[in-house]
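Okay, structure first, notes after.
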Amino acid sequence: MESSNQFHESFRQGLIVGYLFSATFVIVFYMSYCLPSQLVKRRKSMTPQITKLLERLTSTLSLEELHDATDCFAIDNVIGMGKMGIMYEGRLPNGQLLAIKRPFYSQLFKRQFLSEIMVLSKYTHTNIVPLFGFCNEGKEKILVYQYMSNGRLSKWLDPLESEVVRLKWPQRFNIALGMARGLAWLHHCCDLHIVHLNLCSQCILLDDNFEPKISNFGEAKFMNPNTENDVGMVFKVSDGKKDVYDFGSVLFELITGKSYNELSLSSSIANLSGNPSNFYDAIDKSLIGEGFENQVCALLKVACECVQALPDQRPTMLEVYNNVSNMRKGQRGSSDDSDPPRRSEIVSITSRVEIIEL
């Protein structure tokens, strides 16, 4: 009887071990072979779907067209390089110039790629760079913009750029006003609040008339202000105040002709706050004696307000825009019928299509 019980116990243990081994084998096999295969198929099936959705937002260009436009992405056509990729100048057969952003690693660029298309294709504004189209073929995810002939703002403020002439104050002030107008519209007046989150002098582009165009919306976030649900990405009030800080930093570059990191900017603010007479010492010397000193100092005070350490102490972009717009009244020989000073008069641009959550 005892040997019979031992047999049944051994059989039961063997059955359990066999079952566990078989189950483990099935799980490992599924995780190693079946699941990755399904995910790959799903990704492949999603790519045409996403492309079709993006085609509803803006124009598409083939990789062959972009090869032809840039002479196969020739180094002679490089007009800029950043941490994400290379910007090329391209020309279509009809002669139209384009700026073509080709990322180093397209798979890492996917979120920025979608974000830029969703923002720039939906909204048009005087101070936002126009998106011409995109290319999404194979591993390539390329963004195509209208060409801005005067390039990056940073180029015009860098004393080491020997081929450019330093900007006069009226040009610098108009750039500050245009940036403020564009950001105020994004934050307060379009149907989706949009925050940029990556503003700097390198992503401010200048057209033939030195009108500023805000670009590089890869980190942008947006939310429908009429609902509590976010569309695609989460928006927080502090995000908008980061844009205000970054705007103030660009103002300092416009006024002083120097670039700043956060540490050096904080030191400069402390120096100015401790002795207001230092304002004149901070101003780009090429601006002295042109008759705009009072306006320069007034804008410098706005810059100081924008870069306060605590976000709650910074103004909103609408307040900044109203302040800068009112300063323009004191600028010699200025007239700008398109610069309304109140929120209700910053006319909202009608969107062309509905936002699609991808």
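The values are calculated or read from the model by the stated rules, or taken from the named source; none is laboratory data. Predicted, not measured: the structure shown is a model, and the values here were computed from it. Cβ: placed from backbone, ideal geometry, glycine included. Neighbour counts: every protein chain shown.
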ask   = Looking only at region 136-146, which residues are buried (at least 21 other Cβ atoms within 10 Å of the Cβ) and over 16 Å from the mean Cα position of the chain (by Cα)?
value = Asn136, Lys141
ask   = So which residues in region 147-193 are aromatic (Phe, Trp, Tyr) and under 19 Å from the mean Cα position of the chain (by Cα)?
value = Tyr147, Trp185
task = Select from region 101-132 the residues that are among the aliphatic types (A, V, I, L, M) and over 13 Å from the mean Cα position of the chain (by Cα) and list them in ascending order.
result = Leu108
ask   = When you look at Gln313, is it loosely packed, with under 15 Cβ neighbours inside 10 Å, under 27 Å from the mean Cα position of the chain (by Cα) and either among the polar types (S, T, N, Q) or modelled with pLDDT of 95 or more (or both), yes or no?
value = yes
message = Among the listed residues Asn209, Asn174, Asn150, identify the single one that is surrounded by fewer than 22 Cβ atoms within 10 Å (Cβ to Cβ) and under 18 Å from Tyr321 (Cβ atoms).
response = Asn174
ask   = Which of the residues belonging to region 56-80 are part of a loop (DSSP other than H, G, I, E, B) and surrounded by 13 or more Cβ atoms within 10 Å (Cβ to Cβ)?
value = Leu57, Thr58, Leu61, Thr70, Asp71, Phe73
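Okay, residues lined up against (1) in contact (Cβ under 8 Å) with a residue 24 or more places away in the chain; (2) of a type in the set (Lys, Arg); (3) closer than 18 Å to Ile283 by Cβ:
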residue	(1), (2), (3)
Tyr147	yes, no, no
Gly151	yes, no, no
Val164	no, no, no
Arg172	yes, yes, yes
Arg181	yes, yes, no
